[in-house]
1. As a test, work out the antiparallel percent of DSSP beta bridges whose residues both lie in the chain, rounded to the nearest 5.
2. Gaussian network model of the chain, Cα springs within a sub-10 Å range: biggest mean-square fluctuation belongs to which of 91, 38, 182?
3. Most mobile of 61, 175, 72 per a Gaussian network model of the chain (Cα springs, under 10 Å)?
4. Apply the a/c threshold of 1.5 to the C-alpha gyration tensor of the range 113-219 and tell me whether it is rounded, prolate or oblate.
5. What number, in percent, do you get for the relative contact order of the range 116-219 if the mean sequence gap of Cα pairs under 8 Å and at least 6 apart is divided by its residue count?
6. Contour minus end-to-end for residue 34 and residue 76, with contour as 0.36 nm per residue of separation and end-to-end as the Cα-Cα distance?
7. Calculated from DSSP H runs of 4 or more alone, at -39500 (n - 2.57) each and per residue, what is the 222 nm mean residue ellipticity of the chain, nearest 500?
8. Expressed as a rounded percentage, what relative contact order does the range 35-135 have, with Cα pairs under 8 Å and six or more residues apart?
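Computed from the coordinates by the stated procedures, all read-outs in this text should not be read as laboratory data. Note that the coordinates shown come from a computational prediction; the quantities given were computed from them, not determined experimentally.
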Ligand SMILES: N[C@@H](CCC(=O)N[C@@H](CS)C(=O)NCC(=O)O)C(=O)O
C-alpha cells in the first residue's frame with residue numbers, strides 16, 4: 001500500500017484528513033505543498049487541476065475532496081477507529097454534520113480569512129459581514145445540536161468530528177464563538193484534547209505567524 005498526501009499542515013481541510021489518518025495510525029507520506037516548492041505544486045496541479053488540497057494518491061490513484069478522502073480511508077484502509085457507523089441511518093447523521101461543518105463553518109471562516117489576504121481595495125465587506133452572520137447562526141444551531149453529546153453526531157468520534165475540529169479551531173480565531181454557546185466551546189475544547197487533533201494542531205504551530213488575522217495567543 002502506498003498513500004501519498006499532498007497537503008500543508010496549516011490548512012484546515014488538510015487537517016481534517018490528517019486527523020483521520022492519525023486516528024488509525026495509517027501510514028502515509030506527506031507531500032508538502034509549501035508555497036516555495038514549485039515542483040510539488042506542479043505535480044499536484046497535474047494530478048488535480050483544480051489544485052485544492054488535500055489530495056490523496058492511493059497506489060497511483062488520486063482521491064480528492066477531504067470528505068471523500070476520509071470515506072475512502074474508511075473503505076480501503078479501515079482501522080480500529082471506525083470513522084463512519086456501520087448503520088446507514090447513523091452514518092447519514094454523521095455525513096449531515098460533516099456537511100454542516102464544511103458548508104456553514106469552514107466556508108464562512110475561509111471567506112473571512114481569505115478577505116484579510118486581499119488588497120484593501122479588493123475586499124468584500126458585505127461578503128465578510130454575511131460570513132460572520134452565518135457563523136453566528138451556525139454556532140447557535142450547533143449549540144442546540146451538541147447538547148448532551150460528546151461528539152458531533154451523538155455517537156463515537158468520526159468523520160463529522162474530523163471536519164468539526166479544524167473548522168471550529170479556525171472559526172473561533174476568525175469570528176469568536178460567543179461564550180453563550182457553551183456547548184460549542186466545550187465541544188471545541190474536547191476536540192483539541194483528542195490526541196489526533198492535538199497532533200495536527202501542534203504540527204501546524206510553526207505556521208501561526210502566517211495567519212492573516214493574527215493568531216491569538218492560545219490553543
Ligand atoms: N472542497 C475542498 C476544499 C479544500 C480547500 O479549500 N483547500 C484549501 C486549503 S484549506 C486550498 O486548497 N487552498 C488553496 C487554493 O485554493 O488554491 C475539500 O473539501 O477538500
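1. On the way: 8 of 12 bridges.
Percent antiparallel among DSSP bridges in the chain is about 65.
2. Among 91, 38, 182, the largest GNM mean-square fluctuation belongs to 38.
3. Per the Cα network of the chain with a 10 Å cutoff, 61 tops the list.
4. Working: a/c = 2.37, a/b = 1.35, b/c = 1.75.
Judged from the Cα gyration tensor, the range 113-219 comes out oblate (a/c at least 1.5, b/c at or above a/b).
5. On the way: 56 pairs, mean separation 29.2, N = 104.
Computed value for the range 116-219: 28 percent relative contact order.
6. On the way: separation 42, 0.36 × 42 = 15.12 nm, distance 2.79 nm.
In short, 12.3 nm is gained.
7. Details: 9 runs with 117 residues, N = 219.
Taking each H run of at least 4 residues, the total per residue is -17000 deg cm²/dmol.
8. On the way: 55 pairs, mean separation 14.0, N = 101.
Computed over the range 35-135, the figure is 14 percent.
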